[in-house]
Amino acid sequence: MIMEYNFRQLERKWQDHWVKSGAYKVSNDSSKPKCYVLDMFPYPSGAGLHVGHPLGFIASDIYSRYKRLKGYNVLHPMGYDAFGLPAEQYAIETGQHPAVTTEANIRTFRKQLDNIGFSYDWSREINTSEPAYYKWTQHIFLQLFGSWYNRHAAKAESIETLVRIFESEGNLHQECPGDRGLRFSADTWNGWTYEEQQQTLMEYRLAYLAYAEVNWCPALGTVLANDEVINGVSERGGHPVIKKKMRQWFLRITEYADRLLEGLETVQFSEAMKDMQRNWIGKSQGAEIKFNVAGSLENIVVYTTRPDTIFGVDFMVLAPEHELVESITTDEQSQAVSDYREYVQSRSERERMAEVKQITGCFTGAYAVNPFDGRKIPIWISEYVLAGYGTGAIMAVPCGDARDFGFAKHFNIPITNIIGDAFNGEEANATKDAVLQNSDFLNGKPMREAMGIVAEKIEQLGLGRRQVNFKMRDAGFSRQRYWGEPFPIVFRNGVPEAMDVADLPLELPHVENYRPGEEGEGPLANVTEWVNLPSEAGTSLRRETNTMPGYAGSSWYFLRYMDPRNAETFCDRKVSDYWGQVDLYIGGTEHAVGHLLYSRLWTKVLFDLGLIGFEEPYRKLVNQGMITGSSRLVYRVRGTNQFVSAGLKDKYETDELHVDVNIVDGVELDTEAFKKWRPDYANAQFILEDGKYFCGTLSEKMSKSKFNTVNPDMLVDKFGADTFRMYEMFLGPVEQSKPWETKGIEGVHRFLKKTWRLFFDENKGLIVNNEAPGAEELKTLHRTIRKIDDDTERLSFNTAVSAFMVCVNELTDQKCSKKAVLEQLLVLLTPYAPHMCEELWQAIGNSGSILDAAFPVFEEKYVVESVKEYPVSVNGKLRTTINIALDAEAAEVEQIALANEVVQKWLEGKQPKKIIFVKGKMINIVI
RNA sequence: GCGGAUGUGGUGAAAUUGGUAGACACGCCAGACUUAGGAUCUGGUGCCGCGAGGCAUGUAGGUUCGAGUCCUAUCAUCCGCACCA
């Protein structure tokens, strides 16, 4: 029997025991209600875990264990998002196969995770880079490839249904999402060749090939998603990114824009998260309006959200890349226009972004005609109009739009005021509340009302139509990389065809070198024997050389955990019907518009195709805050090896250096450890304050180069996993970001030792007895039951930890060693400190595991009070407190309060105007 | 510029519905025990004031018997998006 709290020994013992007994194995077959608790699975990077990573893992683990005690069948799995760029970069540098480094990294992660005592069912572990997993990623990709979005039914359907529609009525009722102008009849369709038909179907498929400008990063040799490009440079490495046309796979996520928006109403995400997604989707309602070009047969369609301002249009602006620019430009302006277009072309994305404020543009010489009043307005081109949004052309209303206003001022274009006093001539006013003037039939109408009137009129007169636009683009789904899922596609004479499902997985071939191919082709292009398949004469069979992006495997992984070893399908329908949505999903905010959006899309497609029974993957999402590093700084007197304490540094000329946080206690530097830290500092001298060396502090991202990373292994070794778990929770609300501070962990450690001493006396040994608990002990216990139950359910773990401290402090004061009380406390505490609780559970004579104990039931009767210490205020200011029976009625209470000598003193003999009495809360006397 | 979040002691924070602001810890101060200890225990600790008392939840107003909590304005910090017509 272990007498003292020997956490090292007992934590090892129980971790081994739980593994041996299969304590965390979860069955898909249970009569209990289900609960699915999921962490965003990590990318197994070479750096391993720092103290920031486990925050969310610990929270979800506590919640899982709590739900299990509450009688749920809890699915709580873990795995690895193992495809990705860093492993490939490392392979390029060292020649080591990414699979090898990934596996080594996974082993490190696993060891670190095991140290903390998580309740994962490791028999369900998945790894997105294993063929047995990505077989199904490929399979689901083929589902996307084999589907189209039926806008009438608002759902995805098999492409076969579309072929049947084309055969009987062409595409007359099925607007083509890839090419809005495309119209063909059944006869046309039936007369087309196979290639022509396939080309058309490609314009409808949910996973499709298209030539498109992509973010090409020459330094990384790959194409990046919009969300991987930050201010014109790559998120990883900060390399410049340019536009390049390439044939790429895309997911037609834009067809799901509305459903992705609507779905947000049905899930519990934070407002911030929902807003980020809404913002990314960027829905706007407006109208497309056709303007004729004067003296030409051409017309230009503009997109506007403000059709009401149609009479304030003073000019029109086209994107420099707009297809009509060449044909409408007059001879006089042709040189200027082509110079301007060349200038725009020469500017990198980065420059354009950096110089947003700069106003540039060029007049085309042409004029458009306002369809309502026949006014001729000049047509300009400018880079502030984007080719990829709306129609790539705008009607400019300088009195109502800041950019149009700036443009008009800059180029001296006269401004028409249609909003009277609301426009001051100094800056545009984008109001929707003004009353229109100078606006013909709209004069006197409020703008909001006019929007509808104009839109109506435009449609009546055939001048255009109402139109909804989205900022969101279709998602690029090709990466010119090696370390990703190969596409299960074969090009037969250039026509992409799905591989036979029976031939999956299409495994990644071994390559000699991981460098990208020429012209942005992926490394797979170099493996010619893999790329070119044997075929009959006259037929070429070629594989796709791109691979899928990082978010492919993570878009559906939550389904695989349910049925991880199924060889027949990605997840049996009965099993996904049982587990359903993830009930609690915990992870960082950085995936707001990447992973979460794509994952929601895949889930909706699988739902539409009848492969699963729900269309939102995550019922509730909680974003854990980021734990930043708290760096420590030392100040070296310039040109010396002398270090001055922070308080005295201003007296010297110093250089600021980062020092390893692990050799600093709070802000006090361990000077001996510092000397040993690096050879250069072996002879360091110190200028001390009060005999101590104090460091400066700085809060910044944890990174090795700043020496501010704290490794959980070290803390677990020093204080134990239970202390570490509780301390991470005690730091503050899970969702809050905060700098890591190791100081304070001892308070939690002391708490656990104090808890231990309720059970063991260092001289007498086990002191738990079978006496019946008294009223005070039961009150303490039941208050704690209520608080822990509430707090854990609402994920307020920091307050739960403090409630445990209050409880143990009280029981210690009560000298309570009664089994009936302590046993229940252990069950409450075991989600937080599982190792110690299991040990004590066994020590007090239980044979089974505490993992399967029942959560204590709160009983009101033990916590009811008969007397309340009422706060008594006079004119809202607290003056005293009085103990009064809780069931006392107002009249009685008023009498007692008024008789109180403190109250008498403040009344100064006056009569109170009013007495406010809230039963069980407070008394306020108003004079 | 747009959107979101957050501002409370020396520090991390608590206050779930408007009702005793600062629970629980860290740190600090004093003491006990032990001959050193980074062990354990006890007491104290928002600020000003000898005291009665006064002042305190970024700032300024407002609603209310009563505001950290609701409303209006404003400042600061952080995050996301950003020439999206």
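Of all the accessible heavy-atom surface of the range A:303-450, with the other protein chains kept in place and a 1.4 Å probe, what percent is carbon and sulfur?
Details: 3370 of 7150 Å².
That share works out to 47 percent.
Putting +1 on Lys and Arg Cβ atoms and -1 on Asp and Glu Cβ atoms, find which of A:VAL397, A:PRO44, A:TYR551 reaches farthest to the positive end of the dipole of chain A.
Among A:VAL397, A:PRO44, A:TYR551, the one farthest towards the positive end of the dipole of chain A is A:PRO44.
Which semi-axis lengths, in whole Å and largest first, follow from the square roots of five times the eigenvalues of the Cα gyration tensor of the range A:274-335?
Values: eigenvalues 175, 50, 19 Å².
Result for the range A:274-335: semi-axes of 30, 16, 10 Å.
Using modelled amide H (1.01 Å from N, peptide plane; none on Pro or chain starts), what sits under 5 Å from the amide H of A:GLU771, excluding residues fewer than 5 places away?
So A:GLU771 has HN proximity to A:LYS819.
So how much accessible area does A:ARG306 have, in Å² to the nearest 10, using a 1.4 Å probe?
Estimated to the nearest 10 Å², A:ARG306 gives 40 Å².
Any idea what the relative contact order of the range A:835-891 is, in percent, if you count C-alpha pairs under 8 Å spaced at least 6 apart?
Numbers: 40 pairs, mean separation 12.4, N = 57.
Averaging sequence separation for qualifying contacts and normalising by length gives 22 percent for the range A:835-891.
What's the extension gain from A:GLU590 to A:ARG465 if we count 0.36 nm per residue and subtract their Cα-Cα distance?
41.2 nm
Specify which residue in the list A:VAL808, A:ALA820, A:MET836 is farthest towards the positive end of the charge dipole of the range A:796-843, using unit charges on the beta carbon of Lys, Arg (+1) and Asp, Glu (-1), about the Cα centre.
A:ALA820
Between A:THR812 and A:HIS152, what length in nm is gained on full extension when 0.36 nm per residue of separation is reduced by their alpha carbon distance? Each step should come with its number before you reach the end.
On the way: separation 660, 0.36 × 660 = 237.60 nm, distance 6.86 nm.
Between A:THR812 and A:HIS152, full extension yields 230.7 nm more.
Short version: ³J(HN,Hα) in whole Hz for each residue of the range A:388-398, in order, from phi by Karplus 6.51 cos²θ - 1.76 cosθ + 1.60 (θ = phi - 60°), x for Gly and Pro, what are they?
So the Karplus estimates, Gly and Pro as x, are x, 10, x, 10, x, 8, 10, 9, 9, 10, x Hz.
Could you pull the Rg and Dmax for the range A:612-736, using just the Cα atoms, both in Å?
Over the range A:612-736's Cα set, Rg and Dmax evaluate to 19.5, 70 Å.
Among all the lysines, which ones have a C-alpha under 21 Å from A:LYS34's C-alpha, if same-chain residues fewer than 8 places away are not counted?
A:LYS25, A:LYS67, A:LYS70, A:LYS574, A:LYS620
Can you tell me the accessible area per residue over the range A:831-891, all protein chains present, probe 1.4 angstrom, in square angstrom? Provide the component values of the computation, followed by the final result.
On the way: 2930 Å² over 61 residues.
I get 48 Å² per residue for this part.
Given points 7 Å out from each Cα along the Cα-Cβ axis, report the A:ARG448 to A:LYS32 separation in nanometres with one decimal.
5.3 nm
On a 1.4 Å probe surface of the protein chains, which of A:ILE377, A:ILE165 comes out largest in accessible area, and what is the full order?
Values: A:ILE377 0, A:ILE165 35 Å².
Order by accessible area, largest first: A:ILE165, A:ILE377.
Under a 1.4 angstrom probe, counting protein chains only, how are A:GLU590, A:GLU889 ranked by accessible area, largest first?
Values: A:GLU590 135, A:GLU889 110 Å².
Of A:GLU590, A:GLU889, the descending order of accessible area is A:GLU590, A:GLU889.
Applying the Karplus parametrisation 6.51 cos²θ - 1.76 cosθ + 1.60 with θ = phi - 60° to the phi angles of the range A:785-799, what ³J(HN,Hα) value in whole Hz is obtained for each residue in order, glycine and proline being reported as x?
4, 4, 5, 5, 4, 4, 5, 5, 4, 9, 6, 9, 6, 5, 6
Can you compute the charge dipole magnitude of the range A:367-499 about its Cα centre, using +1 on each Lys and Arg Cβ and -1 on each Asp and Glu Cβ, nothing else charged? Give it in debye, rounded to the nearest 20. Mind dumping the intermediate values first?
Details: 15 positive and 15 negative charges, 88 e Å.
Dipole of the range A:367-499, to the nearest 20 debye: 420 debye.
Hey, what number do you get for chain A at 222 nm if only DSSP H runs of n ≥ 4 count, each worth -39500 (n - 2.57), divided across all residues, to the nearest 500? Walk me through the numbers before you get to the answer.
On the way: 30 runs with 315 residues, N = 927.
Here the helix-only value at 222 nm equals -10000 deg cm²/dmol.
Quick one: net charge around A:PRO42, please, counting Lys, Arg +1 and Asp, Glu -1 for every other residue with C-beta under 13 Å from its C-beta.
Numbers: positive: A:ARG110; negative: A:ASP39, A:ASP81, A:GLU125, A:GLU590.
Local net charge: -3.
Taking θ as phi - 60°, what are the ³J(HN,Hα) couplings along the range A:411-421 by the Karplus curve (6.51, -1.76, 1.60), each to the nearest whole Hz, with x for Gly and Pro?
Whole-Hz 3J(HN,Hα) from phi for the range A:411-421: 9, 6, 9, x, 10, 8, 9, 10, 10, x, 5.
Dipole magnitude of the range A:230-307 about its Cα centre, charges +1 at Lys/Arg Cβ and -1 at Asp/Glu Cβ only, in debye to the nearest 20? Write out the running numbers ahead of the final one.
On the way: 12 positive and 9 negative charges, 93 e Å.
Roughly 440 debye, rounded to the nearest 20.
If you roll a 1.4 Å probe over the range A:767-864 with all protein chains in place, what percent of the accessible area is carbon or sulfur? Let's see the in-between values first.
Numbers: 1880 of 3860 Å².
Of all accessible area on the range A:767-864, carbon and sulfur atoms account for 49 percent.
Compute the relative contact order of chain A as a whole-number percentage, counting only Cα pairs closer than 8 Å that sit 6 or more residues apart in sequence.
Relative CO of chain A lands at 13 percent.
Under a 1.4 Å probe, what is the accessible area of the range A:290-409 per residue, stated in Å²? If you can, show how the numbers build up before the last one.
On the way: 5380 Å² over 120 residues.
With all protein chains present, the range A:290-409 gives 45 Å² per residue.
Of all trypsin sites (Lys or Arg not before Pro) in the range A:547-616, which ones are in loop regions per DSSP and have a Cβ with at most 14 other Cβ atoms within 10 Å?
Working: sites: A:ARG560, A:ARG565, A:ARG573, A:LYS574, A:ARG600, A:LYS604; in loops: A:ARG565.
In loop regions of the range A:547-616 (DSSP not H, G, I, E or B), the sparsely surrounded trypsin sites (Lys or Arg not before Pro) are A:ARG565.
If each Cα of chain A is one equal point scatterer, what is log10 of I(q)/I(0) from the Debye formula at q = 0.06, 0.07 Å⁻¹?
These q points yield log10 I(q)/I(0) values of -0.62, -0.81.
Counting only heavy atoms of the protein chains, get the accessible area per residue of the range A:42-162 (1.4 Å probe) and round it to a whole Å² value. If you can, show how the numbers build up before the last one.
Working: 3750 Å² over 121 residues.
Here the residues of the range A:42-162 average 31 Å² of exposed surface.
Could you tell me the distance between the Cα centroids of the range A:147-189 and the range A:574-622, to the nearest Å?
After rounding, the separation between the Cα centres reads 28 Å.
How big is the Cα convex hull of the range A:873-927 in projection, averaged over all directions, in nm²?
Values: hull surface 13.2 nm².
Mean shadow area of the hull around the Cα atoms is 3.3 nm².
Just name one of A:LEU688, A:TRP122, A:TYR211: the one whose Cα is farthest towards the positive end of the charge dipole of chain A (beta-carbon charges, Lys/Arg +1, Asp/Glu -1).
The residue sitting most towards the positive pole is A:LEU688.
Which pairs, out of A:LYS274/A:LYS738; A:LYS155/A:LYS290; A:LYS868/A:LYS919; A:LYS111/A:LYS754; A:LYS779/A:LYS868; A:LYS704/A:LYS738, put more than 20 Å between their alpha-carbon atoms? Before the final figure, lay out each step's value.
Details: A:LYS274/A:LYS738 23 Å; A:LYS155/A:LYS290 31 Å; A:LYS868/A:LYS919 10 Å; A:LYS111/A:LYS754 29 Å; A:LYS779/A:LYS868 15 Å; A:LYS704/A:LYS738 18 Å.
Cα-Cα > 20 Å for A:LYS274/A:LYS738; A:LYS155/A:LYS290; A:LYS111/A:LYS754; rest within.
Calculate the dipole size of chain A relative to its Cα centre from +1 charges on Lys and Arg beta carbons and -1 charges on Asp and Glu beta carbons; express the result in debye to the nearest 20.
Numbers: 104 positive and 127 negative charges, 454 e Å.
The dipole magnitude comes to about 2180 debye.
When the accessible area of the range A:108-207 is computed with all protein chains present and a 1.4 Å probe, what percentage of it is carbon and sulfur?
Working: 1950 of 4150 Å².
Here carbon and sulfur together make up 47 percent of the probe-accessible area.
List the aspartates and glutamates whose Cα lies under 13 Å from the Cα of A:LYS409, skipping any in the same chain that are fewer than 8 positions away.
A:ASP314, A:ASP401, A:GLU426, A:GLU427
Can you give me the C-alpha center-to-center distance between the range A:779-844 and the range A:366-400, rounded to a whole angstrom?
69 Å
Please work out the FRET efficiency for the pair A:ASP852 and A:GLU271, using the Cβ-Cβ distance as r and a Förster radius of 30 Å; give the result to the nearest 0.05. Show your work: numbers first, answer last.
Working: r = 38 Å, r/R0 = 1.28.
Using R0 = 30 Å, I get an efficiency of 0.20.
Starting from the Cα of A:GLU512, step 7 Å along the direction of its Cβ; do the same at A:SER21; then give the gap between the two resulting points in nm.
Computed distance between label sites A:GLU512 and A:SER21 equals 5.7 nm.
In cubic angstrom, how much convex hull volume per residue do the alpha carbon atoms of the range A:1-42 span? Numbers along the way, then the final one.
On the way: hull volume 6.9 nm³, N = 42.
Once divided by residue count, the hull of the range A:1-42 is 165 Å³.
Ordering A:GLU497, A:GLU793, A:GLU568, A:GLU103 by how much accessible area each has at a 1.4 Å probe, largest first, what is the list? Don't skip to the answer; put the middle values down first.
Details: A:GLU497 45, A:GLU793 75, A:GLU568 155, A:GLU103 105 Å².
Result of the area sort, largest leading: A:GLU568, A:GLU103, A:GLU793, A:GLU497.
The values are calculated or read from the model by the stated rules, or taken from the named source; none is laboratory data. All of these numbers come straight from a predicted model, not from anything done at the bench. Methodologically, a virtual Cβ is constructed for each residue, glycine included, from the backbone with ideal geometry; neighbour enumeration extends over all protein chains shown. Ligands, DNA and RNA are stripped out before the accessible areas are found, and what is left, the full protein with its side chains, is counted by its heavy atoms. Shrake-Rupley method; radii C 1.70, N 1.55, O 1.52, S 1.80 Å.
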